[in-house]
Amino acid sequence: MILQLPALIIIVPLLAALGVIIAGWLRNALCFPAALAALLVTLLSAILVMGQVMHDGALIYRLGGWEPPWGISFYIDHLNGVILILVSLVALINLIATRSVVAQVFKNRLGAFYSLYLLFATGLLGIVITGDAFNLYVLLEIASLSGYALLGMGGGRARLASLHYVFMGTIGASLYLLGIGYLYIVTGSLNMLDLAALLPTVEKVSLIHVSFILCLVGLFIKMALFPLHAWLPNAYAQAPNPSASLIAPLTTKVMLYVMIRMVLTVYRPDLAFNRLPIGSLIVWLAVAAIIAGSLLAYKQTRLRRMLACIIVVEVGYMVGGFWLGNAAGMTGALLHLLNDAMMTLCIFLAAGAIATRVHADTIAGLQGLFRKMPFTMAAFVVGALAIIGVPPTCGFFSKWYLLNGGIEAGHFGFTAALIISSLVNILIFFKVMEVAYFEPFENHHHHSNGQFIQEAPLDMVVPLLATAGFLIAMGIYAHSLVTGFIEPVISPLMMGSL
Amino acid sequence: MKGLSMPDWAEFIIANYNYWGVAVLMMIGLYAIIAKNNLVKKIIGMNIFQVAIILFYITIATKLEATIPIIRHGHGHGAHAAGIQAAGYMNPLPQVLMLTAIVVSVATLGVALALAVSIYQRYDTLEEDEILEQLKAEELRQV
């Protein structure tokens, strides 16, 4: 049983995605428990697998018993083990938190919604766990296709925005596939570890460079790095809340993971940082992403669009930090990857909770919410502080590493961008808090007794507060996160070529 | 002799015509996605883009004077005997990979068309600028 755990991480949510549809035919009430059980099993398996990795080092799982270069294998080490836990945890928290909203909005389509939800989780978990470059493409498309459908269920602009996302996402994934094709031409292999062993022996280096650039551009589109970000704010801002709070924290982070995996494991840092002169260019792109994203976020008058623009900024942090190429920058990028998933979950869940009570999506419509929804707003404040980077929330520590990385690399553009965007974040979030705290609540519509406190439903507030708690806990235990999960990934690199 | 031989660039293009075909198809697809106003034309462009990459994989699997990767006289007549030469068959792996990629592209097409249908039902048009106009009017009414 223990030996088969890595397979369970994928197979349980995949089969449950089918099972949930059948459950939906029988009785709508069965859908949620089925999805919950599946994600619980997934989370448990991910934790057990990570425990095994911590104990014995990286493990390779042969799917169907086929030997690696021919069969598809799963490869789990410190880098993706912790991201597996993160993905299943975020999916689980969001599932619980959005139960009542989903039951309300998707009354007759519960089976379809939860099936897509689980397929999306399956796709992301598969991307993270797989050790095969082509398998990664297929799982990427599984995650993307269910993501398009989940995002397109909203009103207003949602469908058009989702269709634009289909175009951009397909171009991104196709470029990745083309890059993998070039790798296959020069090596005849698709297994990541095998590729890593074969690539140094290849003589036609220019083909490897082409394939690397194609992969990178494809992934940049998928993670919405600045000039390629246009699909993101629309797609996330108008999606149904339960889908947005699932997809916004996870998609960009998992794409970042793929970039890191490709650079560190497949193409090797030597090629990425020493032989190709692209590191500095990409850091400057990240600087542009940070500045442009901050300005874009500052301009927004709608809450969720603003939060979506902040994701563009956060992607800039992580891409820039990683491509600085030093230990501090990479540590910061990886730590921020973990933190940012939780922060984004926290603020999107809070926005979802607010949306259950306040129907206008504008920031001006948040008047007096601190008094009406104290717990939701408290969690929102914790999320906001984490994004700004105030200790003891987790955002501070990853930003600290990123800043150190920028200074160490002598890249003052990146350092300055980090500081400026933190200041802009303060402005943005204090604007929201000012409206929500100081301006009195005005009741235009229903409930003539304005004093009546209407907190969001309990099953939404509890997971939300738990997420906020995670943000503080991840800050307090930031040091153990770094030594436990991130240093085993970074330190072997620093011994070597860099 | 000199007068008859092709210039280098022409030889380069003709010798690699399959890759040029793929590149041209990709650009046609990309152009349609970026420049066309009609959503269905954009979707067609997207599909052409994907097909270009599928053809790329198929073309890297071919070998000179090789046949399809099905072993002749596979059963009974000593399938394991020395008669099989790998050089005589095309590489089956990229073709198998592309079976999966075709399934993926059909699924993408399905999702894109479903979204287009639901957009059409709502706005009664597939021209992007007209949809955007209606959306703007809708948002103004809300504010």
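The values are calculated or read from the model by the stated rules, or taken from the named source; none is laboratory data. Because the structure is a prediction, the values reported are computed rather than measured. We place every Cβ from the backbone using ideal geometry, glycine too, and count neighbours over all the protein chains shown. The accessibility values were calculated without ligands, DNA or RNA, using every heavy atom of the protein model including side chains. Shrake-Rupley method; radii C 1.70, N 1.55, O 1.52, S 1.80 Å.
Values for this structure:
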| read-out | value |
| --- | --- |
| Neighbours by Cβ (under 6 Å, 6+ apart or cross-chain): first from the stretch A:412-431, aromatic (Phe, Trp, Tyr); second open to solvent by 10 Å² or more (accessible area, probe 1.4 Å) | A:414/A:287 |
| Per-region count, the stretch A:284-329, residues under 23 Å from residue A:345 (Cβ atoms) and of a type in the set (Gly, Ala, Ser) | 9 |
| Residues of the stretch A:374-427 classified as charged (D, E, K, R) and under 23 Å from the mean Cα position of the chain (by Cα), total | 1 |
| Helices (runs of 4 or more DSSP H) (entirely within the stretch A:1-115) containing at least 2 residues that are under 29 Å from residue A:150 (Cα atoms) and more than 26 Å from the chain's Cα centre (by Cα) | A:5-26 |
| Answer from A:139, A:145 - the residue that is open to solvent by 10 Å² or more (accessible area, probe 1.4 Å) and touching a strand residue (DSSP E or B) at 6+ places or on another chain (Cβ under 8 Å) | A:139 |
| Failed item in (1) among the charged types (D, E, K, R); (2) free of Cβ contacts under 8 Å to residues at least 12 places away in the same chain; (3) in contact with a Ser or Thr (Cβ under 6 Å, 6 or more places away or on another chain), with residue A:299 passing the rest | (3) |
| Unique match (being in a helix (DSSP H, G or I), more than 9 Å from chain A (Cβ to nearest Cβ) and at pLDDT below 85) among B:72, B:141 | B:141 |
| Residue check, residue A:172 more than 10 Å from chain B (Cβ to nearest Cβ) and in contact with a Lys or Arg (Cβ under 8 Å, 6 or more places away or on another chain) | yes |
| In the stretch B:108-143, residue surrounded by the fewest Cβ atoms within 10 Å (Cβ to Cβ) [restricted to those that are among the charged types (D, E, K, R) and within 14 Å of residue B:42 (Cα to Cα)] | B:129 |
| The stretch A:62-84: number of residues that are within 15 Å of residue A:8 (Cβ to Cβ) and crowded, with 19+ Cβ neighbours inside 10 Å | 4 |
| Matching entry among A:171, A:185 (being free of Cβ contacts under 8 Å to residues at least 40 places away in the same chain and open to solvent by 10 Å² or more (accessible area, probe 1.4 Å)) | A:185 |
| Residues that are of a type in the set (Val, Ile, Thr), modelled with pLDDT of 85 or more and surrounded by 17 or more Cβ atoms within 10 Å (Cβ to Cβ), drawn from the stretch A:423-456 | A:424, A:428, A:432 |
| Matching residues, the stretch B:20-47, being away from chain A (no Cβ under 11 Å), open to solvent by 50 Å² or more (accessible area, probe 1.4 Å) and in a helix (DSSP H, G or I) | B:20, B:24, B:25, B:27, B:28, B:31, B:35, B:41, B:44 |
| Odd one out for residue A:341 among (1) open to solvent by less than 20 Å² (accessible area, probe 1.4 Å); (2) at pLDDT below 90 | (2) |
| Residue within the stretch A:380-387 that is in a helix (DSSP H, G or I) and closer than 15 Å to residue A:294 by Cβ present | yes |
| Test: residue in the stretch B:77-90 that is modelled with pLDDT under 90 and within 11 Å of chain A (Cβ to nearest Cβ) | no |
